[in-house]
Amino acid sequence: MTFEIAEQVKLLKRGTVEVYREDELAQRLAEAAKTGRPLRAKLGMDPTAPDIHLGHTVVLRKLRQFQDLGHKAVLIIGDYTARIGDPTGQNTTRPMLTAEQIKANAQTYFDQAGKILDMSPDKVEVRFNSEWLADLRLADVIKLTASMTVARMLERDTFQIRYKKGDPIGIHEFLYPLMQGHDSVAIHSDVELGGTDQTFNNLVGRDLQRLDGQPAQIVITMPILVGLDGVEKMSKSKGNYIGVTDLPSEMFGKTMSIPDALMGNYFTLLTDLPTDEIKKWVDPTQTHPRQAKARLAALIVEQFHGDQAARQAAEQFDKVFAQNQLPDELPAVEMAADPVPAAKLLLHCGMAETGGQAKRLIKQGGVRIDNRRIEDPNVAVNPAEGMVVQVGKRKFAKLTLVKH
């Protein structure tokens, strides 16, 4: 392995869990350098949800590294496989999506992925797997299923759990890994990226390519990013996420709230800082954790909003958290002057998603109105012009009265 190829492998291995296999990756990179043919690095995405959070960007950032090395990113939008729903991480069968939902979610994903990937035509290829899967005939499907045994399929932990519990597993769910693997055959992928929850599916792609007479793709798995709570994986449904479309101040504040133990992981997976530099930032004997976290937060905000927004977010955070002052700009919320229960006021301001959540926030002592703590969810509030509603230290709203 030449020095240059060795450096590329080292870069591409950063933050990964496993590379199947490293020697094959080095060989494929060397062949690309010799022939001038860029590698085709594949990432499959089922458009089951429209929004991307930082957990999704872990794999997208690795894909961007391939682009920066001169290779092509191949984004597979699973409009056909989404009709089944990937059983990965699921203990029940997923509901099938409508064509309209798939189309809307795919467009949102594409727009947000563009914040990380180079979307130049020579750097990215976007394909919908209905291009080839919709044309498969029954004979083709039977041939595809013949490449996999039931015993091998039940090696998947999610299937094992459901099978042992006696929970139903649809035959159509067994098709999912085969269909995803067939995507790799259809687009002749050299590399497939995915989280550790996609390992089984991606390795099936290697098997199917071998059976088709193609070189088997290299599979690179990335860790699942732990969310802000420091326990569960980052997930919008769990509320422990940082969205790529979050406002700079929200993105900065959320990053500052992560447990200290996650900083090394976040620095490695979400920034380009060299490993030696990361060690200094996360070593409390060399850098105070708050200072390190502020550096991390600034780097993350920079990626999505730019340098100036990162500086402003840092200044606002210091103003609100360290000096207990209000932010310079507060989102305005229009409402009538009629008295309203405190819990309903939070709902109206978009600071809670349900009445139950609004009541919990108030009972936990995290709600202030004009800097006065509210403890009763049912207390009547008389809205006034310029009244400030605050939840925790990151959510604010200023009321603007409107006439009936």
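The values are calculated or read from the model by the stated rules, or taken from the named source; none is laboratory data. Note that this is a predicted model, so its numbers are computed, not measured. Cβ sites come from the backbone with ideal geometry, for glycine too, and all protein chains shown count toward neighbours. When the accessible area is computed, the model is the full protein with side chains, heavy atoms only, and any ligands, DNA or RNA have been set aside. Shrake-Rupley method; radii C 1.70, N 1.55, O 1.52, S 1.80 Å.
Considering only residues that are touching a residue at least 24 places away in the same chain (Cβ under 8 Å) and under 28 Å from Ser237 (Cα atoms), look in the range 356-382 and name the one that is surrounded by the fewest Cβ atoms within 10 Å (Cβ to Cβ).
Going through the qualifying residues, I end up with Asn378.
Looking only at the range 225-254, which residues are within 14 Å of Glu302 (Cα to Cα), part of a loop (DSSP other than H, G, I, E, B), open to solvent by 10 Å² or more (accessible area, probe 1.4 Å) and in contact (Cβ under 8 Å) with a residue 60 or more places away in the chain?
The one that is within 14 Å of Glu302 (Cα to Cα), part of a loop (DSSP other than H, G, I, E, B), open to solvent by 10 Å² or more (accessible area, probe 1.4 Å) and in contact (Cβ under 8 Å) with a residue 60 or more places away in the chain: Thr245.
Just checking, does the range 318-329 include any residue being modelled with pLDDT of 90 or more and either closer than 23 Å to Thr255 by Cα or among the small types (Gly, Ala, Ser) (or both)? Break it down stepwise before answering.
Just the residues of the range 318-329 that are modelled with pLDDT of 90 or more, to begin with: none.
Within the range 318-329, not a single residue is modelled with pLDDT of 90 or more and either closer than 23 Å to Thr255 by Cα or among the small types (Gly, Ala, Ser) (or both).
Pull out all pairs, ordered by first then second residue, where Cβ-Cβ is under 6 Å, the residues are six or more apart or on different chains, the first lies in the range 340-355 and is buried (at least 16 other Cβ atoms within 10 Å of the Cβ), and the second is not aliphatic (A, V, I, L, M).
Pro341/Asn378; Ala342/Pro377; Ala343/Gly355; Ala343/Lys359; Ala343/Pro377; Met351/Lys395
In the set Asp167, Asp207, Asp183, which member is part of a helix (DSSP H, G or I) and either surrounded by fewer than 20 Cβ atoms within 10 Å (Cβ to Cβ) or without any contact (Cβ under 8 Å) to a residue 24 or more places away in the chain (or both)?
Unique residue meeting the criteria: Asp207.
Could you list all residues from the range 186-197 that are among the hydrophobic types (A, V, I, L, M, F, W, C) and either surrounded by fewer than 21 Cβ atoms within 10 Å (Cβ to Cβ) or in contact with a His (Cβ under 9 Å, 6 or more places away or on another chain) (or both)?
Ala186, Ile187, Val191, listed by residue number.
State yes or no: is Ala332 of a type in the set (Gly, Ala, Ser), open to solvent by 60 Å² or more (accessible area, probe 1.4 Å) and over 20 Å from the mean Cα position of the chain (by Cα)?
On the way: of a type in the set (Gly, Ala, Ser): yes; open to solvent by 60 Å² or more (accessible area, probe 1.4 Å): yes; over 20 Å from the mean Cα position of the chain (by Cα): yes.
Spelling it out, Ala332 is indeed of a type in the set (Gly, Ala, Ser), open to solvent by 60 Å² or more (accessible area, probe 1.4 Å) and over 20 Å from the mean Cα position of the chain (by Cα).
Identify all residues within the range 137-164 that are at pLDDT 90 or above and open to solvent by 90 Å² or more (accessible area, probe 1.4 Å); write none if there are none.
Arg137, Leu138, Ile142, Lys143
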